[in-house]
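The values are calculated or read from the model by the stated rules, or taken from the named source; none is laboratory data. Keep in mind that what you see is a predicted model, and the values were worked out from it rather than measured. Counting neighbours? That spans all protein chains shown, and the Cβs are built from the backbone with ideal geometry, glycine included.
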């Protein structure tokens with residue numbers, strides 16, 4: 001029997017915490033074969049009755065009391081200084097202490113990033129972590145990064161993101177040789193900023209043993225033209241939220257089509273016996289809720305701040321997949337290649 | 001009776017030109033009450049038989065022969081130097097000559113922009129034109145700009161885009177006081193680049209008599225949190241294409257749901273009598289195909305390069321709506337406010 005995976009959970013992070021968090025954890029247990037255990041960090045007085053509500057949850061859970069929690073609007077630097085001993089801090093620290101395999105929080109993104117960097121440290125060769133999102137594609141998923149950790153990035157950081165994202169995709173989505181693209185605008189005459197063109201040149205020159213396909217456009221993400229799409233955190237965040245908004249809009253239209261007329265209602269009644277539920281699930285942004293921080297010595301998953309229980313359960317699934325995957329070793333392999341590249345670049349500079 | 005509106009059309013621009021262009025123009029005539037006339041610019045030997053194919057098209061069309069056409073991959077500067085007398089050049093020039101009310105092309109975006117600037121000139125107070133897209137919203141449309149003309153913009157250009165976009169939305173989508181937002185990432189701690197924060201401050205300080213609501217996020221575009229969403233051409237282009245890709249992906253899922261099982265097929269058969277066609281139309285990126293160049297002395301509409309006849313007909317509808325609207329006078333009014341702002345800023349600088 002496989003030993004249970006331990007998920008360390010910031011039970012106080014998120015707009016509807018702690019109720020949505022505990023309910024999500026309970027929901028995630030249902031029908032699960034892989035054994036999991038939870039470490040909940042937060043206010044024990046609030047958490048105990050919530051855990052007790054769900055049959056079977058108490059038996060796999062440990063509540064570790066904390067007094068403090070990180071404010072949703074706290075600045076990252078502030079959070080690092082003031083959050084020691086908070087639910088978020090302790091959730092991440094449990095990984096470092098070897099008490100848990102992966103940490104999950106729906107709290108303040110910037111604070112979680114800053115705290116994770118301080119506690120877990122960056123992997124050698126990575127300068128800033130990136131947030132990777134698994135993006136629905138015609139078959140399976142694409143990987144998009146960065147979706148919000150870094151508003152402004154240098155060309156060499158985009159190269160790091162390519163390396164991190166390729167390892168993530170191979171480990172989590174199972175492609176042996178993921179293809180990688182750099183997000184850009186398409187017209188020949190508007191080939192993006194200098195920074196993107198420089199990143200393209202850097203990746204090509206780096207001899208990373210990566211299946212790099214050059215520039216891709218916004219519509220290539222959903223069509224999975226490449227498995228991995230690399231971009232800065234500003235563009236990636238806007239692309240992700242735009243896609244969520246579009247899915248929601250189209251979902252509203254579909255609801256109208258299925259409820260606005262008698263024929264629609266009849267069709268919906270027939271469909272709901274079959275494929276409509278699957279369609280609804282696919283279109284639900286909650287079914288892809290969970291950004292993974294890449295580049296740290298450990299796995300941290302960020303759930304949407306506004307998540308409900310169902311969305312949080314998705315983040316736990318993603319965390320489980322990450323912990324069960326060869327992700328950290330894939331990253332090590334990729335980073336070794338990146339560090340070869342830096343060594344070569346330095347050697348070339350020393351010669352030049 | 002209203003005099004016919006004259007649409008000046010680059011019949012040679014676009015991947016499937018001239019057939020898709022002429023077919024689209026013929027499609028657009030069907031069931032139309034407003035009288036229109038076409039000026040087709042292009043190779044007469046190719047255009048004449050295409051026009052003759054459609055009953056009723058020849059009677060409202062004039063073919064103006066051109067020998068040259070702008071290459072889809074030509075650089076803008078090159079295009080301006082070498083394209084005099086091309087179908088694109090002449091299509092735009094017909095507006096300046098007073099022969100047509102609006103010009104439409106599915107050709108090279110950068111070249112069309114450069115040619116339009118040279119022939120029509122920018123309006124006083126505008127430094128660069130922007131491309132505005134009408135974006136499907138729960139009710140009606142949002143306006144998003146820039147969706148591809150300017151990869152890098154300054155904060156003051158974003159202010160100009162706000163002014164242009166607000167006038168466009170009022171004229172074309174009929175809101176008396178459109179609300180305006182600036183596209184950004186949401187987390188408190190990652191409030192976008194300095195350039196976006198500067199633009200936000202500039203708009204607030206400018207006293208533009210505009211209903212400016214501050215920052216919006218990617219998912220606010222489709223939910224129409226504000227009527228107008230302002231961004232740079234890099235981010236806007238990626239957001240637009242990401243939304244198109246998402247709509248296409250969800251459309252594919254819907255097709256699967258409606259054809260993958262017997263119940264799905266029955267539901268589709270019932271639905272197609274009712275609301276499915278409307279849903280399909282709403283989800284079809286071709287139904288919103290047409291970016292409008294704002295900031296020029298004249299109206300130029302850009303269709304997707306890869307457009308088919310149906311998509312090109314949409315661009316003609318957008319061109320007609322623009323020509324019939326109070327757009328140019330709304331822009332004049334807004335620009336007067338912008339120029340007041342510049343005058344005040346200069347006066348303040350002189351004092352300071």
Problem - Members of region B:134-158 found to be on the phi > 0 side of the Ramachandran plot and surrounded by fewer than 24 Cβ atoms within 10 Å (Cβ to Cβ), listed by number - result: B:140
Exercise for the section: For region A:240-257, enumerate the residues that are modelled with pLDDT of 90 or more and more than 12 Å from residue B:222 (Cα to Cα). Expected result: A:240
Practice task
For residues that are crowded, with 19+ Cβ neighbours inside 10 Å and under 15 Å from residue A:225 (Cβ atoms), scanning just region A:167-178, find the one that is modelled with the highest pLDDT.
Solution key: A:178
Practice task
Looking at (1) in a loop (DSSP other than H, G, I, E, B); (2) out of contact with any helix residue (DSSP H, G or I) (no Cβ under 8 Å at 6 or more places or on another chain), find the lone condition where residue B:49 falls short.
Solution key: (1)
Fill in the blank from the handout: Checked region B:104-122 for anything over 15 Å from residue B:82 (Cα atoms) and modelled with pLDDT under 90; matches are B:109
Practice task
Might you let me know whether region A:153-174 holds any residue that is within 12 Å of another protein chain (Cβ to nearest Cβ), more than 12 Å from the chain's Cα centre (by Cα) and in contact (Cβ under 8 Å) with a residue 40 or more places away in the chain?
Solution key: yes
Exercise for the section: Inspect all residues belonging to region B:218-231 and state whether any of them is at the interface with chain A (Cβ under 10 Å from one of its Cβ atoms), within 15 Å of residue B:154 (Cα to Cα) and crowded, with 24+ Cβ neighbours inside 10 Å. Expected result: yes
Handout entry: residue A:196 within 18 Å of residue A:290 (Cβ to Cβ) and either touching a strand residue (DSSP E or B) at 6+ places or on another chain (Cβ under 7 Å) or not in a loop (DSSP other than H, G, I, E, B) (or both)
Key = no
Problem - Checklist (1) under 29 Å from residue B:254 (Cα atoms); (2) part of a helix (DSSP H, G or I); (3) within 13 Å of chain B (Cβ to nearest Cβ) applied to residue A:234, failing item - result: (1)
Problem - Conditions (1) under 25 Å from residue B:289 (Cβ atoms); (2) touching a helix residue (DSSP H, G or I) at 6+ places or on another chain (Cβ under 8 Å): number failed by residue B:169 - result: (2)
Fill in the blank from the handout: Selection over region A:1-46 where residues are farther than 17 Å from residue A:311 by Cβ, part of a helix (DSSP H, G or I) and in contact (Cβ under 8 Å) with a residue 24 or more places away in the chain yields a count of 1
Exercise for the section: Considering each of A:272, A:263 in turn, give the residue that is modelled with pLDDT of 70 or more and surrounded by fewer than 24 Cβ atoms within 10 Å (Cβ to Cβ). Expected result: A:263
Handout entry: Scan of region A:112-133 for residues that are crowded, with 23+ Cβ neighbours inside 10 Å and under 17 Å from residue A:234 (Cα atoms), ordered by number
Key = A:113, A:129, A:130, A:131, A:132, A:133
Practice task
Considering each residue of region A:221-263, count those that are within 18 Å of residue A:177 (Cα to Cα) and free of Cβ contacts under 8 Å to residues at least 60 places away in the same chain, and give that number.
Solution key: 1
Practice task
Scan region B:203-215 and give yes if some residue there is touching a strand residue (DSSP E or B) at 6+ places or on another chain (Cβ under 9 Å), within 9 Å of chain A (Cβ to nearest Cβ) and at pLDDT 90 or above, otherwise no.
Solution key: no
